[in-house]
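All remarks here apply to the structure that follows.
The values are calculated or read from the model by the stated rules, or taken from the named source; none is laboratory data. The structure presented is a predicted model; accordingly, all values stated were derived computationally and were not measured. Cβ: placed from backbone, ideal geometry, glycine included. Neighbour counts: every protein chain shown.
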Amino acid sequence: MTEERAAATEMGRDLLLDDAALQAKYAKLRKNLLRLYAHRHFARAVDWCGDKIENLLLGKRLHAQIVAPVFITGYFRSGTTMLERALASHSAFAHFTYRSLGFPRAAYTSRLLTELASPMQQTWLLAHQPNMVVDNSWPFEGEPLWRYCRRNPWSPGDSDVLGADYSDPRFERILKRVINKYLQLRGARRFLSKNPPDILRVGYLARIFPDARFIHIVRHPLRMLRSQLDMESIFARIFSDMPRRDLNAAFSNTFLPPGRKFLRTARHAQLQALSASQPALAAAMNIVDVEAAWQAAVAGSQLQDRVHLIRYEDTLSDFQGELRRIFAFVGLAGDEADAISEAQAKTLLQRNLTWSASALPRFDAAVRAELAALAEKYGYSLRPERQVEPEINP
């Protein structure tokens, strides 16, 4: 049981629940996703029609210059959601929302439909953030929009890396129009986006938005790896009875069924084959490859002055101070930023401190060897600690 409890540290008590309890806890999440999946073709038709109508009505406003958008990058389970939630509360920022799952292009239409449909206003628990209650208006990744890009995680090809030399004019017009819709809808002047796959698109995004700013977060690789494996396990259990439904492709989500789809880098085929027998090692290799691709993009596009690098653990030790530094980096220092920094330090920090204080998760020598260079680069030790009974947040 000690090993199971250690594995459950990142995901609360969820890995210890029996299947019936797990299904009950995430009943709303499951119901909402299945409802949307069942009507996905209709939703995409509505999204197409709504997008066309909105484009006509908004006209030139959709071609306004997008000033200094902010992109939060980091590998899965590195703390990107925590940062997004804190920064998105600033009145200057607009952002994608959970409505993007079904209606990625039609921002106005999706808000109208979800406000008219009362069941869609219900809150629900996220499987990958078990202590966070969300609704359709909450910030969320805009990955469904990327299905309109010629190169995306579901298109043919062997790499998800998009550098400064990549071009897709049609998608770039779509992306800018949608961002302007959210800016108009919220009455905001800046755009904020958090999306883990964007870590492989930094060069491309920097070219599209020459004044963009990037907040890059890293975390102890063993904790990040443990959390990623836990997340995959939870999703697999919640949706274990639907092998014929491709939720992964339908919602542009890496960890929904029918199975893991790594961010594609040079070793993608090798990782896919290895993941069946050694999932931890395969995931560790992907972490290393993705971080290397990000570093290459920053160096190749000379983005050092446009990137603010932080460690998850350092953020927890001085959350208020780090938020203030981030707001200053993106040009939003001031009274509102200070108030948000103080408030978010109280509401978000408590949920994360217990996890970061627990003993390091244990992995075999091959995994540690794969992560050794990355850990050293960011000042992390992989030395096994004395295993203790971790405290688990309810």
Filtering segment 71-124 down to residues that are at pLDDT 90 or above and among the aromatic types (Phe, Trp, Tyr) yields PHE71, TYR75, PHE76, PHE93, PHE96, TYR98, PHE103, TYR108
Picked from segment 128-137 (must be buried (at least 17 other Cβ atoms within 10 Å of the Cβ) and over 13 Å from the mean Cα position of the chain (by Cα)), the residue nearest to ASP14 (Cα to Cα) is PRO130
Residue set SER137, SER167; condition part of a loop (DSSP other than H, G, I, E, B) and modelled with pLDDT of 95 or more; output residue SER167
ALA293: passes all of (1) aliphatic (A, V, I, L, M); (2) closer than 24 Å to PRO197 by Cβ; (3) modelled with pLDDT under 95 but (3)
Of those in segment 144-178 that are over 20 Å from TRP294 (Cβ atoms) and among the aromatic types (Phe, Trp, Tyr), the residue surrounded by the most Cβ atoms within 10 Å (Cβ to Cβ) is PHE171
Flag for PHE319 being of a type outside the set (A, V, I, L, M) and in contact with a His (Cβ under 6 Å, 6 or more places away or on another chain): no
Quick count over segment 205-223, residues being surrounded by fewer than 24 Cβ atoms within 10 Å (Cβ to Cβ) and part of a helix (DSSP H, G or I), is 5
Whether any residue in segment 50-60 is outside any helix (DSSP H, G or I), out of contact with any strand residue (DSSP E or B) (no Cβ under 9 Å at 6 or more places or on another chain), at pLDDT 90 or above and surrounded by fewer than 17 Cβ atoms within 10 Å (Cβ to Cβ) is what I want to check. no
Checked pairs for segment 141-152, first of a type in the set (A, V, I, L, M), second part of a loop (DSSP other than H, G, I, E, B) and buried (at least 22 other Cβ atoms within 10 Å of the Cβ), C-beta under 8 Å and 6 or more apart or across chains, list as LEU145/PHE96; LEU145/PRO104; LEU145/ARG105
Being out of contact with any strand residue (DSSP E or B) (no Cβ under 9 Å at 6 or more places or on another chain) and crowded, with 22+ Cβ neighbours inside 10 Å narrows SER91, SER100, SER78 down to just SER100
The residue from ASP318, ASP335, ASP314 that alone is of a type in the set (Asp, Glu) and modelled with pLDDT of 95 or more is ASP335
